[in-house]
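> Quick one: this structure, given as structure tokens, is what I'll be asking you about.
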Amino acid sequence: MASEKIVAEPGPDNVGLSDRVSHLEGAYGHLATKADLAELKADLTAAIAAQTRWLAGLVLASAAAAAGVVIAVDRLAG
């Protein structure tokens with residue numbers, strides 16, 4: 001009696017295994033794959049590098065402009 005296997009018939013209250021698996025497979029279609037994540041990582045790395053270059057250029061230009069203002073004020077006042 002302990003070795004008997006009870007198998008329920010599919011019905012409205014008992015969904016069959018294939019239905020359950022197909023439901024689970026369909027539920028994960030919106031999740032990212034490893035390839036999607038690798039592509040996203042490459043895109044983000046490129047975007048951050050471009051943003052860093054712009055920021056560095058802006059900082060250098062601002063420092064040069066500030067130095068120019070300081071030199072102009074020193075020559076005019078001095």
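> Which residues, counting only those in segment 23-48, are among the small types (Gly, Ala, Ser) and loosely packed, with under 10 Cβ neighbours inside 10 Å?
Residues satisfying the conditions are GLY26, ALA27, GLY29, ALA35.
> List the residue pairs whose Cβ atoms are under 8 Å apart, where the first residue sits in segment 29-44 and is assigned to a helix (DSSP H, G or I), the second is surrounded by 10 or more Cβ atoms within 10 Å (Cβ to Cβ), and the two are 6 or more positions apart or on different chains.
LEU40/ALA32
No value in this document is a laboratory result; all are computed from the given coordinates. Keep in mind the model is a prediction, meaning the values are calculated, not measured. Cβ sites come from the backbone with ideal geometry, for glycine too, and all protein chains shown count toward neighbours.
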